[in-house]
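Report on the structure given below.
Please treat every number below as a calculation from the coordinates, not as lab data. Here the structure is a predicted model, which is why all the values come from computation and not from measurement. Note that each Cβ is placed from the backbone with ideal geometry, even for glycine, and that neighbours are counted across all protein chains shown.
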Amino acid sequence: MQTIIELSIFSPRWGHKDSYEFEFTDEHISLLRGAKEAIAKFDEAGSIVWSGHNVSTGNPLLNIMSDDHIYPPVYLIYAIENIWKYWLYNEISEDEFKAEFKKIEPWINDTTNAKPDSEFWNRLF
């Protein structure tokens, strides 16, 4: 099983939307952005474990987004991991999976766009 879903996410750092291409297989979730990567896999105990970009400072996917000044909702990782499991265990079809995953795109963009916008806040994030 493999599917690739592209999200168009607004990056305040660059001032435009960037493509975030997620690959889902029966073994992993991955996002590759230049030299930065975020990969999620099941460990031996059946838990999902993330590896990749600056994993020692937090979730690699969130670290990649943070580098682009994207601030997704706190439940993003939970949402991505769970929709992946629903797809893996055939609880939703591939078409449903793609359609539902794309609904994450405006959620991320709305959250990023809702950050305080002033000279003071723009210095911080």
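Lys85 - would you say it is touching a Ser or Thr at 6+ places or on another chain (Cβ under 7 Å), farther than 23 Å from Pro116 by Cβ and not in a strand (DSSP E or B)? Answer is no for this residue. Pairs meeting the criteria (first residue in region 68-86 and at positive phi, second residue in a helix (DSSP H, G or I) and surrounded by 13 or more Cβ atoms within 10 Å (Cβ to Cβ), beta carbons under 8 Å, at least 6 apart or on different chains) are His69/Thr112.
Scanning region 32-51 for residues that are closer than 27 Å to Asn113 by Cβ and either in contact (Cβ under 8 Å) with a residue 24 or more places away in the chain or under 13 Å from the mean Cα position of the chain (by Cα) (or both) yields Leu32, Arg33, Lys36, Glu37, Ala38, Ala40, Trp50. Taking the listed residues Leu61, Leu76, the one that is of a type in the set (A, V, I, L, M), crowded, with 16+ Cβ neighbours inside 10 Å and touching a strand residue (DSSP E or B) at 6+ places or on another chain (Cβ under 6 Å) is Leu61, with no other qualifying.
Scanning region 13-32 for residues that are farther than 22 Å from Met1 by Cα and touching a strand residue (DSSP E or B) at 6+ places or on another chain (Cβ under 9 Å) yields His16, Lys17, Asp18, Ser19.
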